[in-house]
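Written out below as structure tokens is the structure these notes cover.
The values are calculated or read from the model by the stated rules, or taken from the named source; none is laboratory data. From a predicted model like this one, the values you see are computed outputs, not experimental measurements. No Cβ is skipped: glycine too gets one built from the backbone with ideal geometry, and neighbour counts run over all protein chains shown. Note: accessible area is taken over every heavy atom of the protein model, side chains too, but ligands, DNA and RNA are not part of it. Shrake-Rupley method; radii C 1.70, N 1.55, O 1.52, S 1.80 Å.
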Amino acid sequence: MNILIAGCGRTGAELAGVLSREGHDVSVVDPDAGAFALLPEDFSGYRTVGLPMDQDVLVRAGIENCDALAAVSSDDNVNLMVCQLAREEFGVRDLIACVNDPRRESVYSRFGLRTICPVNITVDNLKGILLPEDHRQLSLGNHTVSFRDLAVPRRLVGVSTDGIETGTGESLFAVRRADGSLHLLAEGPAVLGSGDRLVVCGVAD
């Protein structure tokens, strides 16, 4: 894929390096030429100095041939503007904006943009570590996804997951095996064993 990354901070540089190593054509835009020093030595993509909200800069960075764009600068407003510009002026549909202020994530989602908030993700993970429990939540855009971890009752041992019904608004997500391994049900059904646990998910709001 041809992927454009707006912002070459630590997140943008790391993302660019990973995508480049996987064989994608990556172009990075940042107003500070010195920011490109954060890119890994094996980065094989393109670097463009300039404001990512500038259409001419985006054209020089290759947005006209872009399949996807990630706006990951430290400025939430810049990330929103870049995504809107990419969608409305250049027809890019696969977009994601990094939202650093948790209070803005739901607002940005109303513009029809996919968002990711590092603060919310970090808080959710830290809470799960500090307060281990069978019921956890994860913030995704303007929604909260709830996960429940349930012990497999005896009557379901030996039963395939494709024959199990969940509550309204919930879906089976995975099976956590007794040995600690995780079987994602998106990869196919699983036969439940003694000591397994079911991971059920649903949209909380």
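Taking 0.36 nm per intervening residue step and subtracting the Cα-Cα distance, what contour gain separates R103 from T122 on full extension? Between R103 and T122, full extension yields an extra 5.4 nm.
Using a 10 Å Cβ count of at most 14 others and DSSP loop calls, identify the longest part of the chain lacking such trypsin sites (Lys or Arg not before Pro). Of all site-free stretches, the longest is 111-205. Skipping prolines and chain starts, which residues have an amide H placed within reach, meaning under 5 Å, of the one on T144, given they are 5 or more residues away or on another chain? When sequence neighbours closer than 5 places are left aside, the close amide H contacts are A204, D205. For the chain, with all protein chains in place and a probe radius of 1.4 Å, 52% of the accessible heavy-atom surface sits on carbon or sulfur.
Excluding the site residues themselves, the longest part of the chain lacking any GluC sites (Glu not before Pro) in a DSSP loop with at most 16 other Cβ atoms within 10 Å is 42-132. Kindly provide the Kirkwood hydrodynamic radius of the range 14-60 in Å, to one decimal, from all pairs of distinct alpha carbon atoms. Result for the range 14-60, one decimal place: 11.0 Å.
Size check on the range 1-117: the Cα extents along the three principal axes, sorted descending, read 37, 27, 25 Å. For the range 70-124, what class follows from the C-alpha gyration tensor (a ≥ b ≥ c being the square roots of its eigenvalues): rounded when a/c is under 1.5, otherwise prolate if a/b is larger than b/c, else oblate? Prolate is the answer for the range 70-124, as a/c is 1.5 or above and a/b outweighs b/c. Given axes a ≥ b ≥ c from the Cα gyration tensor, I'd like to know whether the range 151-203 is rounded (a/c under 1.5), prolate (a/b larger than b/c) or oblate. Prolate. One quarter of the convex hull surface built on the alpha carbon atoms of the chain amounts to 13.7 nm², the projected area averaged over directions. The residues of the chain present an accessible area of 57 Å² per residue when probed at 1.4 Å with all protein chains retained. The relative contact order of the chain comes to 14 percent, based on Cα pairs under 8 Å that sit 6 or more residues apart.
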